[in-house]
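Peer 1: Dumping the structure here so I can ask a few things about it.
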Amino acid sequence: MKAHIEGGEPVECDEFEEAQRGIVLRDREQGVVGYVPYEKLEYVTRTRTPVTSSNLASVGYDPSEEALEIEFHSGGVYRYRNVPQSVYQELLSAGSHGSYFHENVRDEYDYRRIR
């Protein structure tokens, strides 16, 4: 998920909970990663879809940037650049998400770790 904050960068989180005057952003590994008062919060978006895989936890795609995000069960999140939307769709529909990732994404696209 990403919490979009008025005038600021989106904040990556795994979940959020309502607080008295805002939302508390949480990460599975780090615990609380932030607090956003309601008056500063624009919106929260789900950035990845959970998948059934022994290696991958969730996958997401940003068509405006042609960016594929992969979250691993280890907790790492990686963003792959210049990935066609068809690759994302094939990944979601693959019989084995992990095998498809290793055969078609892993060494094919530039990436950076975002968490």
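Peer 1: Rounded to a whole number of µm²/s, how large is the Stokes-Einstein D of region 62-115 at 37 °C and 0.692 mPa s, given Rh as the Kirkwood radius over C-alpha pairs?
Peer 2: 291 µm²/s
Peer 1: Additional query: Which FRET efficiency value, to the nearest 0.05, is calculated for residue 103 and residue 29 with the Förster distance at 41 angstrom and r the Cβ-Cβ distance?
Peer 2: Rounded to the nearest 0.05, the efficiency is 0.90.
Peer 1: Taking only Cα atoms of region 2-45, what ratio of Rg to Rh do you get with Rh as the Kirkwood inverse-distance radius?
Peer 2: 0.93
Bear in mind these aren't lab numbers, they're just calculated from the coordinates by the rules spelled out. Given the structure is predicted, the values throughout are model-derived calculations rather than measurements. So basically every Cβ, Gly included, is an ideal-geometry build from the backbone, and we count neighbours across all protein chains shown.
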